[in-house]
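Participant: Before I ask anything, let me first share the structure, which is written out below as structure tokens.
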Amino acid sequence: MSASFGFKQTDLGTLRTFIGMWTYSTDGEFTINSGNASAEDMTILIATSAGDIGTGCQMDFNDVNMTAGSWFHVVVVFDGSLTGNANRLKVWVNNVAKTLTVGGGAVPATLLDGGATLFLGKFGGILNRFYNGAMDLVGLWNRALTAGEVATLYSGGAGLVYPFTPTAKASRFRNSIRIGIG
């Protein structure tokens, strides 16, 4: 699986959800958040059971250095066919690979498919982890993108969608949400 999105936060806060499929303690899948320990970083939670409350797999990316009011482009790639946390889960911010730090557990070989709702800017269930800002060019793929495809998404700037063909002229990050699933 891969996810790509541009965002600009109005203000920073810890564990604010960008994209996720998780209903707290009843239907865990995955969530991409601002950092657990620092709002300038990122944390990705991957459920290891349907009732996981976010402790099964926590991977932190502590070198993101987000700031409020600035646009960032993020690509998250999960590939369970590989071994090792850093091989199975990769994050690029503005086309720069970020360093994975284990916060807890290990990246599983498969993602759960419990049927949780896909949320943009909200964690499902009872937790109030709302994102505060703008998002643009949201894309989801059912496969692992290559480093070359990540670079194309970042540097294309014309709204490239699966299978990476140019669409009508579009500026990168123009304060709207478009979702492409391929």
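Participant: Determine the relative contact order of the range 27-110: mean sequence separation of Cα pairs under 8 Å and six or more apart, normalised by residue count, in whole percent.
Facilitator: 27
Participant: Using the Kirkwood radius over C-alpha pairs as Rh, can you work out the diffusion coefficient of the range 1-102 via Stokes-Einstein at 10 °C, viscosity 1.306 mPa s, in µm² per second? Write out the running numbers ahead of the final one.
Facilitator: Details: Rh = 13.7 Å.
In µm²/s, the coefficient is 116.
Participant: Gaussian network model of the chain, Cα springs within a sub-10 Å range: biggest mean-square fluctuation belongs to which of Ala151, Ala47, Ala39?
Facilitator: Of Ala151, Ala47, Ala39, the most mobile in the Gaussian network model is Ala151.
Participant: Carbon and sulfur: what percent of the range 1-74's accessible surface (1.4 Å probe)?
Facilitator: Heavy-atom surface of the range 1-74 belonging to carbon and sulfur, 1.4 Å probe: 49 percent.
Participant: Here are labelled values, [x] 16.2; [y] 17.9; [z] 17.1, and one is the computed Kirkwood radius over Cα pairs in Å for what I pasted. Which one?
Facilitator: The value computed from this structure is option [x].
Participant: Can you list the HN-Hα couplings for the range 3-11, worked out from phi with the Karplus curve (6.51, -1.76, 1.60; θ = phi - 60°), rounded to whole Hz and with x for Gly and Pro?
Facilitator: 9, 9, 6, x, 8, 9, 7, 6, 8
Participant: Return the single residue from Val75, Val93, Val102 with maximal mean-square fluctuation; model: Gaussian network over the chain, springs between Cα atoms under 10 Å.
Facilitator: Sorting by GNM fluctuation, first place goes to Val102.
Participant: Cut-off 10 angstrom, C-alpha nodes, Gaussian network model of the chain. Which of Asp113, Asp60, Asp52 fluctuates the most?
Facilitator: Highest fluctuation among the options: Asp113.
Participant: Angle, helix 147-156 long axis vs. longest principal axis of the chain, Cα atoms, 0 to 90°, nearest 10?
Facilitator: Approximately 50 degrees, to the nearest 10.
Participant: With +1 assigned to the C-beta of every Lys and Arg and -1 to the C-beta of every Asp and Glu, and no other charges, what is the dipole magnitude of the chain about the Cα centre in debye, to the nearest 20? Walk me through the intermediate numbers first.
Facilitator: Numbers: 12 positive and 12 negative charges, 108 e Å.
Computed charge dipole of the chain: roughly 520 debye.
Participant: Taking Cα pairs under 8 Å and at least six residues apart, what relative contact order does the chain come out at, in percent? Don't skip to the answer; put the middle values down first.
Facilitator: Details: 491 pairs, mean separation 48.9, N = 182.
Relative contact order of the chain: 27 percent.
Participant: Set Lys and Arg Cβ to +1 and Asp and Glu Cβ to -1, take the dipole of the range 24-119 about its Cα centre, and tell me which of Asn87, Ala68, Ser49 lies farthest positive.
Facilitator: Of the candidates, Asn87 comes out farthest on the positive side.
The values are calculated or read from the model by the stated rules, or taken from the named source; none is laboratory data. Quick caveat, the model's predicted, so the values are computed rather than measured. Positions of Cβ are generated from backbone atoms using ideal geometry, with glycine treated the same way; all protein chains shown enter the neighbour counts. Protein only, heavy atoms only, side chains kept; ligands, DNA and RNA dropped before computing areas. Shrake-Rupley method; radii C 1.70, N 1.55, O 1.52, S 1.80 Å.
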